[in-house]
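Read through the structure below, which is laid out as structure tokens, and then see the notes.
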Amino acid sequence: MINLIQEEYNKFLELIQQFSPESIDSPGVVGFWSTKDILAHITTHQRWTIKWLEKIGEDADPGLPQPYDNNEDDLAVINSQIFKENRTRDFHKILSDLDQCHQDMLAIIRTMTGAELNDQRILRNAEPVWQAIAANTYGHYREHGQEIRDFFKE
């Protein structure tokens, strides 16, 4: 899993590095989001997942569900708030935060056992924890990377 996350992260970064700072901030990639907004979205979801993983690692109630476990309406509200909080932030700061979250995610995954990664008691649909990690790492890079590629092809 770690190798796949790293591989997809590297591909995602290579994609982002192809564009000028001006185009990174062009709205319309996903709705009115720019590429920079997508990076902030991914970073925030990863940070949230890391906190969630830390709580379950401590056998504590994580409180809120992790992003993957929310319904679409709740995610829309959350994503709107992420956009508002990050819209005016500097691209390079957001990119730096994404890289730190990526490193933190890899670090926490390295501490998890196979049993913890495959635990099906935590997510609402009885899916294993690794699926939440996948959705907020390599799945997110693939999903939004494709949207970015599609936008800049047009």
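Read the figures in this text as sums done on the coordinates, not as results from a lab. Every value quoted in this text rests on a predicted model; they were computed, and no experiment measured them. With ideal geometry, Cβ positions are generated from the backbone for all residues, glycine too; neighbour counts draw on all protein chains shown.
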Residues of segment 74-100 with amide N under 20 Å of a point placed 7 Å along Cα→Cβ from Phe32:
74-91
Let me have the 222 nm mean residue ellipticity of the chain computed from DSSP H runs of 4+ only, each contributing -39500 (n - 2.57), with the sum over all residues rounded to the nearest 500.
-21500 deg cm²/dmol
TM-like helix rule applied to the chain (DSSP H, alpha carbon span at least 30 Å on the long axis, mean Kyte-Doolittle at least 0.5) gives none
Label-point separation, Leu123 to Lys11 (7 Å along Cα→Cβ), nm:
2.0 nm
Given bins 5 angstrom wide, list per bin the percent of all Cα-Cα distances in segment 1-134, short to long.
2, 9, 19, 21, 19, 16, 9, 4, 1, 0
FRET E, pair Thr88, Glu147, Förster distance 25 Å, beta-carbon r, rounded to 0.05:
0.70
Setting aside same-chain residues fewer than 8 positions from Lys36, which lysines have a Cα under 22 Å from its Cα?
Lys11, Lys84, Lys93, Lys153
Alpha carbon centre of segment 118-154 versus segment 99-113: separation in Å?
16 Å
